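These notes are about the structure you will find just below.
The values are calculated or read from the model by the stated rules, or taken from the named source; none is laboratory data. Only a predicted model underlies this, so the values are computations on that prediction, with no experimental measurement involved. No Cβ is skipped: glycine too gets one built from the backbone with ideal geometry, and neighbour counts run over all protein chains shown.
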Amino acid sequence: MTKLVRVSDGSYEKLSVLAGKLQVEVRKIVSLDDAVAFLLASHEGKTAGFVKKLKNRPSRGRKRQISAKQHSKTGAGRRHPEHFRSVS
C-alpha cells in the first residue's frame with residue numbers, strides 16, 4: 001500500500017539528486033522511495049547494508065540498467081552546477 005507524502009520543492013529536488021547519486025552507485029533505476037529509505041537507513045546507521053541490498057535487488061519496472069558512462073553521455077538528469085550541493 002502506498003501513501004502520499006507532501007514535500008517542498010526544495011526537498012523534492014534534494015531527494016531527486018540523492019536518488020540520482022544512488023542510481024549511479026548501484027547502476028540500477030532508483031526511486032524516490034528508495035532515496036527516502038536510504039535516508040532512514042542513514043539515520044539508523046545502516047547505509048552500507050542498504051546499498052548492498054539495493055545492488056542485489058532485481059530491477060523493477062524498466063529492465064534497462066544505466067551505467068555511469070551511459071548516464072553522462074545521454075545528459076540524463078543534467079542540471080545547473082548549483083543543484084549539486086551536498087545532500088547530507
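Here are a few things to note about the model shown:
- Some residue of the stretch 1-23 being in contact with a Lys or Arg (Cβ under 6 Å, 6 or more places away or on another chain) and either part of a helix (DSSP H, G or I) or modelled with pLDDT under 95 (or both): no
- Scanning the stretch 49-73 for residues that are modelled with pLDDT under 75 and not in a loop (DSSP other than H, G, I, E, B) returns A68, K69, Q70, H71, S72, K73.
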